[in-house]
Structure formats: C-alpha cells, structure tokens
1. Rg and Dmax of the chain over Cα atoms: what are they, in angstrom?
2. To the nearest 10 degrees, how steep is helix 13-24 against the longest Cα principal axis of the chain, on a 0 to 90 scale?
3. In deg cm²/dmol and to the nearest 500, what is the mean residue ellipticity at 222 nm of the chain if only DSSP H runs of at least 4 residues count, each as -39500 (n - 2.57), divided by the residue total?
4. Tell me, what is the per residue accessible area of the chain in Å², probe radius 1.4 Å?
5. Angle between the Cα long axis of helix 209-220 and the longest principal axis of the chain, 0 to 90 degrees, nearest 10?
6. With springs only between Cα atoms under 10 Å apart, run a GNM on the chain and tell me which of 195, 158, 47 wobbles the most.
7. Pairing the Cα long axis of helix 145-165 with the longest principal axis of the chain, what angle in degrees results, from 0 to 90 and rounded to the nearest 10?
8. Sequence gap at least 6, Cα distance under 8 Å: using those rules, report the relative contact order of the stretch 123-199 to the nearest whole percent.
Amino acid sequence: MARVALVTGGTRGIGHAISTALKNAGYRVAANYAGNDAAAQQFQVETGIPVFKWNVGDYAACEAGCAQVAKEVGPVDVLVNNAGITRDAMLHRMTLEQWKEVISTDLDSVFNMTRQVIDGMRARNFGRVINVSSINGRKGQMGQTNYSAAKAGMHGFTKALAFEGAAKGITANTIAPGYIATEMVRAVPKEVLDTKIIPQIPVGRLGESEEIARAVVFLAADSAGFINGACFDINGGHYMAT
Ligand code: NDP
C-alpha cells in the first residue's frame, strides 16, 4: 500500500510542486490550504489530489483536519510542514499582530501539525517529518525579525525531534530554500529582486519550486532513514553555512 503524505500549504507555490512530486513518486497525497478556494479547486482538478482547508496556526483545526485526512486518505507517514507567510516590517515598526501572525502560521503550526501525527508514526515505527524553513532563518534578514525567528525555530524543533523519533524509525529534517519564484517572492518589487537579491545568488537566478520538491521526495523515501536532523540549504549558493 502506498504511503500517505500530507503537505501543508500544498496547493500553491512550493507546496504545489511538493504535492505533485510526491504524487508522481507514488504517494497518496493530501494537500492542506488556508483560504484561497479558487487556487485549491484548480489544483485539485489539475492534479487529482484531494484538498483540505484549515488554518495550521489553530491547534483544534489541525486536530480536526488531520483526523479527516486519516479517515479519507489514510494515516500520515510523511508530513511536510510547508505552509508559511511573511508580514515584513522593521522591528521598530512591527506590530504585535504582525509578530503573532507569523509565529503562529510559520512556527506554532509545526507543533500543531506534528503533534497530530507523531503518535501514529511511533506506533507504526515509520515517519518522515520535513519542515520547510528558509534561508532567512539561517542568516537573518532585514525587516523579518518575525519570519527569521519562526524559521530558525523550525531548525531547533527539527533537531530535538530527530533525537526523539530516531529509535522509532522517524526522521526529521529541514529544507531551507533560498529565493524561489513563487507569489511570496513576486511580492518583492522587481527592482529589489534585480538589483539587490539576484546579484547575490551565484547561480544568477531565482530557484524553481520543483528544485525544492525533489529534495522533499528524496528525504521522504524509506531509503532516506539515515538522514536525520539535517538541514538542506537549497539556495543557489546564496548562503553557505559552515
Ligand atoms: P505561497 O504564498 O506561494 O503559498 C503558501 C501556501 O501556504 C498556500 O497554499 C497557502 O494557502 C498556505 N497557507 C498560508 N497560510 C496558511 C495557514 N495559516 N494554514 C494553512 N495553509 C496556509 O508560499 P511559497 O510557496 O512561496 O512558500 C512555501 C513555504 O516555503 C513557506 O513556508 C515559505 O516561508 C517557504 N519559503 C519560501 C521561499 C520563497 O522564495 N518562495 C523562500 C524560503 C522559504 P492559500 O492558498 O489558501 O493561501
């Protein structure tokens, strides 16, 4: 029986590519999203992957949503915590709401979601938790104290879970994408992209969502069991961690 993968924010951008790549690799996939029904419906029609709407920042909603996925698709073997948002502002202008929205969606979500599937993974002696962090959680970024804090927090979560799950066949890893051509990055003014961001990327271009998705498929595999607590930087050489 094919393994089941659940991708949060799985209907657009990087998540769209991850859901599709996992399906093409033979997984039974469920894709979560927050509120863009039109994009989710189009995704479902295009890919045949069922979509499930809930807010990953809401614990009770995650509990109900994951129960629905387990019932309709099957118990989750591979969880990809991909949903994320930005609410950029310099700290001296950042509102409490901007801080809380990002911490809730980008970091609380990792607990809210993983907590729902960890018991089943432990009981079945297999699990893959793949957290989509960011280059800006590795190096920091002007105007992103909220986002950089949330994304750096994902790394700590991943490493702690990597210890806890190992004996039960569960691995936890993060992927830290650089700048990828999705709507999130298209929100950055073109002039900033052309003059400030792309010149810092040695390969000279934005990344493609599919370039992240192939790493997720790699980490999700049964044969990836010795990769645990790692962080894959996929950024065209933009930031090379020691
Ligand atoms: P997009 O904005 O293109 O897509 C975001 C997806 O997440 C959508 O499916 C959206 O649902 C969903 N989502 C947002 N908030 C919630 C929520 N509260 N509950 C459930 N689903 C939610 O983002 P990207 O594809 O660009 O980014 C995906 C991940 O990659 C994020 O975690 C981001 O931080 C990270 N990343 C992206 C980079 C980039 O360059 N694009 C670089 C580094 C990291 P809906 O369609 O309903 O809005």
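The values are calculated or read from the model by the stated rules, or taken from the named source; none is laboratory data. The model shown is predicted, which means the values in this text are computed figures rather than measured ones. For neighbour counting, all protein chains shown are included, and Cβ atoms are generated from backbone atoms with ideal geometry for every residue, glycine included. For accessibility, only protein heavy atoms count, side chains too; no ligands or nucleic acids. Shrake-Rupley method; radii C 1.70, N 1.55, O 1.52, S 1.80 Å.
1. Just the Cα atoms of the chain yield Rg and Dmax of 17.0, 53 Å.
2. 30 degrees
3. -13000 deg cm²/dmol
4. With the other protein chains kept in place, the chain gives 47 Å² per residue.
5. So the helix axis and the longest Cα principal axis differ by about 40 degrees.
6. Judging by the Gaussian network model, the answer is 195.
7. Compared with the principal axis, the helix lies near 30 degrees.
8. 37 percent
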